[in-house]
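Quick notes on the structure that follows.
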Amino acid sequence: MSDLLRELDAVLEERKNTADAEGSYVASLHRKGLNKILEKVGEEATEVILAAKDVEHGGDRQAMIAETADLWFHSLVMLSHLGADSQDVLRELGRRFGLSGLEEKAARTAKQEQGQKQ
Ligand SMILES: N=c1c2ncn([C@@H]3O[C@H](COP(=O)(O)OP(=O)(O)OP(=O)(O)O)[C@@H](O)[C@H]3O)c2ncn1[C@@H]1O[C@H](COP(=O)(O)O)[C@@H](O)[C@H]1O
């Protein structure tokens, strides 16, 4: 699956640099700029929330999955626009893997408290 993300990264990069906006949705987003891309990320995040709430009330799981794919996709376009990609996010998730969120938060709080004492 990580291969798919790498391939998508490559397509998004290619669209950013070469494709014409008429024939490519991704190129059209890059052309419109960061604000338009962020608007789409926000829109898709809202759609994920609504679809997830629907599932809680017996709604369609596939719709939630499709909305999540839209959110992931538009987030990848945002990363690409700003010179990052899926591999950067996977590396960050890898760094966190196995580290309890609660332990990480406790370590962060201890570090902040240490900083305040100095
Ligand atoms: N994975 C996707 C993907 N997921 C969603 N979308 C598009 O994202 C848009 C989602 O926007 P909305 O749901 O808000 O629908 P909309 O009303 O059409 O959008 P707006 O007019 O509001 O902007 C739709 O046009 C979808 O087709 C995607 N477009 C492209 N990709 C990938 O990107 C590659 C390059 O795409 P092009 O640049 O279009 O060739 C493709 O081969 C795919 O692999």
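The values are calculated or read from the model by the stated rules, or taken from the named source; none is laboratory data. Source: prediction; values computed, not measured. Heads up, the Cβs are rebuilt from the backbone with ideal geometry, glycines too, and the neighbour counts pull from every protein chain shown. Accessible surface areas use protein heavy atoms only, side chains included; no ligands, DNA or RNA. Shrake-Rupley method; radii C 1.70, N 1.55, O 1.52, S 1.80 Å.
List of remarks:
- Nearest 10 degrees, 0 to 90: helix 86-96 Cα axis against the chain principal axis: 20
- Residue-level accessible surface for K36, protein heavy atoms, 1.4 Å, Å²: 60
- Theoretical gain in end-to-end length, A69 to L90 [0.36 nm per residue, Cα-Cα removed]: 5.9 nm
- Of the whole protein surface, L93 contributes about 90 Å² of accessible area at a 1.4 Å probe radius.
- Rounded to 10°, Cα long-axis angle of helix 2-17 versus longest principal axis of the chain: 60
- Of interest is the spacing of the C-alpha centroids, which for segment 1-62 and segment 76-118 amounts to 23 Å.
- Spin-label pair R108/E56, simplified geometry with 7 Å Cα→Cβ offset, distance in nm: 2.4
- Label-point gap, in nm, between A21 and L38 - each point 7 angstrom along Cα→Cβ: 1.9
- Shown for the chain: lysine pairs separated by 8 or more places, or found on different chains, whose C-alpha atoms are under 30 Å apart, numbering 8.
- Highest mobility in the GNM of the chain, judged by mean-square fluctuation with C-alpha springs under 10 Å and restricted to A51, A106, A66, is found for A106.
- Averaging 1/r over every pair of different alpha carbons in the chain and inverting the result gives a Kirkwood radius of 16.7 Å.
- Against the criterion of solvent-accessible heavy-atom surface with a 1.4 angstrom probe, R91, R108 sort, most first, into R91, R108.
- Those GluC sites (Glu not before Pro) in segment 17-83 that DSSP places in a loop and that have at most 13 other beta carbons within 10 Å: E22
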